[in-house]
Amino acid sequence: MSTTKTSKSTTAKNSGSKLKNSKSASSSKQHENGLASLNINKKQFKDAVVRHLHCSLGTDENKADNHAWWKATSAAIQEQVLERLRTTQKTHYLNDTRAVHYFSAEFLMGRLLSNNMHNFGLFETANAALQELGVELSDVLEEEPDMALGNGGLGRLAACFIDSLATMEYPAIGYGIHYEHGLFRQEIKNGAQIERPDSWRDYGNPWEICRPESIQEISLYGYVETKYGKNGQIQKEWHPGAIVKGVPWDIPVVGFGGKTVNVLRLWESQASGYFNWDVFNAGGYVDAQRENVEAETISKVLYPNDETEAGKELRLIQQYFFSACSLKDIIRRYKRAHGDNWSRFTDQVVIQLNDTHPAIAIPELMRILVDRAQLDWDTAWNICSNTFAYTNHTLLPEALEKWPVRMMEKILPRHIEIIYEINHRFMQEVEKKWPGDNAIKAKLSIIEESNEKMVRMGNLSVIGAFAVNGVAEIHSRLVKQDLFPEFDQLYPGKLTNVTNGITPRRWLKACNPLLSELISKKIGDDWPLELSKLDGLSEFADNKTFQNSFMRVKQKNKDALAKEIKALTGISVDTKAIFDIQIKRLHEYKRQHLNLLHILALYRRLLENPDYDMHPRVFIFGAKAAPGYALAKTIIYAINKVAEKINSDNRVNHKIKIVFLPNYRVSLAEKMIPAADVSQQISTAGKEASGTGNMKLALNGAVTIGTLDGANIEIAEEVGDDNIFIFGNTVEQVNELKAKGYKPYDYYYANKEIKAVLDWLDSDYFTPGQPGALSSLKQSMLDGGDPYLVLADFESYSQANIELDKAYKDKERWARMAILNTAKMGKFTSDRSIRDYVEKIWKLEKCQVNS
Ligand SMILES: *Cc1c(COP(=O)(O)O)cnc(C)c1O
């Protein structure tokens with residue numbers, strides 16, 4: 001069965017509606033001024049806000065605080081959103097279009113009000129309306145809590161993708177978990193990270209809509225009964241031990257231009273009325289009640305581990321819970337149009353698995369097709385293996401998901417049987433390809449025959465999906481060469497690349513209004529929809545007047561961030577200094593500690609030679625560490641302790657300042673990125689799958705200092721070697737170093753500066769009265785073997801920083817570099833990523849929604 005042959009009738013209907021809409025899609029002016037169809041002016045918007053203050057919130061203009069104004073403003077926008085949502089859903093229903101279903105355990109949405117206003121072209125209208133009501137829109141926007149239902153890059157990618165899908169008018173739905181608590185709020189106490197619960201819904205969420213009419217029930221635990229059908233065929237029946245209710249909450253996803261509004265459907269778990277009579281009869285009344293309580297804990301909290309696999313039972317249950325609810329939802333919708341005829345299923349449905357977190361959907365669909373719909377195995381497998389596509393996000397072994405067979409037997413007794421059957425048939429394929437080769441069988445098997453048998457979710461995903469993609473060119477190459485080479489031989493063409501992207505609506509238009517305005521004045525205002533147009537700025541890169549305008553915007557953004565830094569930390573920074581920013585989750589492979597070692601080296605140089613020539617620099621960090629990741633927390637502590645020392649050392653603090661901004665999240669990123677001169681992207685080559693922070697910063701005119709890793713390589717190709725500072729060992733050199741036995745002590749003894757700064761960490765210089773508080777850091781880079789080659793890259797990094805400093809001192813050179821970084825980012829719009837997915841994998845048709 002092929003996914004390429006999208007239904008003819010659908011295609012015909014779509015092209016019909018395309019014709020009808022061809023006029024309304026033309027003018028980009030419409031996006032700036034709002035859609036004609038919305039037709040809401042300042043007066044009407046004011047009235048709507050006031051009406052919501054009165055009728056929804058029960059307050060008035062005199063009593064309302066900013067929070068009430070935020071709610072009323074959001075409600076006024078939501079009126080427009082819901083109108084377009086209805087039209088979109090009706091259009092999709094009537095056209096019965098093929099749609100992509102984006103399964104992701106994480107959606108890191110951030111705030112929605114500002115983006116929804118921009119996407120409807122209502123930002124200026126709302127701003128003016130609130131002004132007349134005596135309210136500052138920027139203050140109102142600050143009231144919105146971030147929707148932080150994700151850890152970092154993977155979750156933010158999902159959010160950018162659903163923005164692009166709606167903007168490009170593709171029928172799409174995001175499926176995820178309605179966590180009661182998103183990623184923890186980070187506080188810094190005496191330099192150390194403290195985790196506090198996130199409570200994004202405590203005072204209500206104006207965007208979400210509960211859909212009790214679409215509640216689903218899913219099963220857990222219990223046992224499997226083997227029965228025989230009329231013709232003597234084996235049939236399996238799962239007798240569950242518990243049933244959990246999934247309540248869907250819909251978040252509207254407004255496309256830029258406000259035409260298509262798709263939904264993000266998030267499942268909340270609730271206890272069902274199901275009472276486990278078996279347990280009750282065995283005298284387990286309390287246990288039976290306990291299961292009801294536990295049902296509600298499934299969607300209680302997001303696991304805060306980025307790039308590590310937790311292996312916890314509740315996490316597997318979360319994964320199954322949202323995958324199974326989503327599949328039922330998809331099948332319910334399919335059956336409404338096609339009844340029990342499964343032959344069109346793969347024409348209508350494609351499911352993208354964002355990492356292996358939802359991979360349990362593969363055996364779940366098999367269960368539905370074989371046990372429920374009573375299809376024979378081959379027919380079912382043909383449908384199933386043409387439905388799923390899988391995105392790999394990492395090569396780090398600790399991030400490759402594996403579940404103990406025993407755990408899966410207990411929670412999902414029927415699924416483990418199905419997985420064994422999938423594996424059994426797959427092993428026969430492997431035997432055909434490599435007769436008698438047991439080593440290959442052991443490697444490719446879904447079941448790892450270790451001491452404790454494990455289910456390898458990556459292998460299951462590659463076998464069960466029709467397409468597998470990495471997220472940047474180098475990463476996809478390594479997926480083929482190192483992670484799944486035999487799969488690549490067995491299924492030629494299945495493994496492919498789709499380089500990540502970011503939405504320029506959030507990450508330039510909305511977050512950096514000054515630069516957006518400057519760009520629009522220079523090259524027109526259609527760049528948010530066609531980011532390659534930014535290349536039109538290139539011809540002004542050497543133009544003095546444009547350089548001045550560009551750098552004046554940067555300076556204003558730096559002034560604004562300096563105020564924010566002062567307000568958040570009390571630290572005063574020199575806004576003429578280089579704003580050097582490293583923002584991302586804290587992980588050894590991302591090497592915040594390489595940045596820190598270099599700062600310590602600069603500090604030493606300045607103490608030894610007060611005339612050491614460097615432009616003043618403010619090193620700004622934002623990073624959360626997983627609560628159980630001790631070394632990551634020590635690195636945060638070290639950054640803060642070094643900051644305390646240096647910031648108060650009058651000998652050097654006119655040259656170096658260090659700022660750690662607590663609680664890094666989407667809304668903080670939006671304030672930091674426009675103000676960055678320098679973007680730190682310094683992961684060990686081969687470890688960062690793509691990165692997307694690198695794209696956001698370059699788009700806003702920051703110059704990257706980075707390794708040849710992830711999308712940095714493609715960024716370097718776009719901006720050219722003169723406009724980026726590349727340093728460090730390449731993937732090949734890293735492999736060579738490791739192969740011949742990497743010895744960090746060699747670097748320690750050979751380089752005085754390395755030795756001095758590492759020894760410094762061992763003293764109590766930065767942690768008075770607590771000697772050894774930072775020793776584990778030094779230890780990891782020496783006796784610990786320095787697994788991420790910090791010391792091997794130190795000298796090259798230090799040299800690149802000297803070049804960078806020299807470039808910054810040449811104002812014209814730097815302005816040119818900054819402009820060209822913005823100009824050359826066209827490739828990294830998530831619209832291009834989505835276009836790649838559509839062409840290579842999803843084979844979707846646009847479905848234009850009438851105004
Ligand atoms: C973009 C983004 C990330 C990903 O950053 P990387 O540097 O690519 O790891 C993480 N967190 C937030 C809040 C983001 O906006």
Equivalent ellipsoid semi-axes, segment 358-447, via Cα gyration tensor eigenvalues times 5, rooted, Å: 22, 19, 14
Can you sort Ser199, Ser164 so the residue with the fewest Cβ neighbours within 10 Å comes first? Ser199, Ser164
Geometric extent, Cα atoms of segment 310-467 - Rg, Dmax (angstrom): 15.6, 48
In nm, spacing of pseudo-spin labels at Lys740 and Ala373 (7 Å Cα→C-beta vector): 5.7 nm
If you consider only alpha-carbon coordinates, what radius of gyration and Dmax does segment 389-506 have, in Å? 15.5, 55
Which three extents, in angstrom, do the Cα atoms of segment 41-88 have along their principal axes, listed largest first? 37, 19, 16
For segment 553-657, just the Cα set please: Rg and Dmax, both in angstrom. 14.2, 43
Out of all DSSP beta bridges in the chain, what portion is antiparallel? Express it as a percent rounded to 5. 45 percent
Relative packing of peptides 491-498, 721-728 - highest average C-beta neighbours within 10 Å first: 721-728, 491-498
Can you sort Thr503, Thr394 so the residue with the fewest Cβ neighbours within 10 Å comes first? Thr394, Thr503
Above 19 Å lies some portion of the pair distances; for segment 771-829, what is it as a whole percent of all C-alpha pairs? 59 percent
Protection proxy ranking of 363-369, 785-791, 769-775 - average other beta-carbon atoms within 10 Å, highest first: 363-369, 785-791, 769-775
First measure r as the distance between the Cβ atoms of Tyr765 and Lys544, then evaluate 1/(1 + (r/R0)^6) with R0 = 41 Å and state the FRET efficiency to the nearest 0.05. 0.35
Would you list which aspartates and glutamates come within 18 Å of Lys843, measuring only between C-alpha atoms, while excluding same-chain residues fewer than 8 positions from it? Asp96, Glu169, Asp347, Asp831
Rounded to two decimals, what ratio of Rg to Rh does segment 501-606 give with C-alpha atoms and a Kirkwood Rh? 1.04
Local electrostatic count at Tyr612 - Lys and Arg +1, Asp and Glu -1, tallied over other residues with Cβ under 15 Å: +1
Can you give the local net charge around Leu327? Use residues other than it whose beta-carbon is closer than 10 angstrom to its beta-carbon, Lys and Arg +1, Asp and Glu -1. +1
Give me the mean projected area, in nm² to one decimal, of the convex hull enclosing the Cα positions of the chain. 38.4 nm²
Using Cα pairs closer than 8 Å and at least 6 residues apart in sequence, work out the relative contact order for the chain, in percent. 15 percent
Stretched out fully, how many nm does the piece from Ser775 to Arg406 gain, at 0.36 nm a residue minus the Cα gap? 128.9 nm
Which order do the peptides 86-92, 621-627 come out in when sorted by mean C-beta neighbours inside 10 angstrom, highest first? 621-627, 86-92
Once the Cα gyration tensor of segment 664-809 is diagonalised, what are the square roots of 5 times its eigenvalues, in whole Å and ordered largest first, as equivalent ellipsoid semi-axes? 28, 20, 15
Scattering profile of segment 415-480 from the Debye formula, Cα beads only, expressed as log10 I(q)/I(0) at q = 0.11, 0.26, 0.27 Å⁻¹, is -0.30, -1.18, -1.21
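The numbers here are math on the coordinates, done by the rules we state, and not lab data. Since we're looking at a predicted model, the values are computed, not measured. Because the Cβ atoms are built from the backbone with ideal geometry, glycine has one as well, and the counts that use them run over all protein chains shown.
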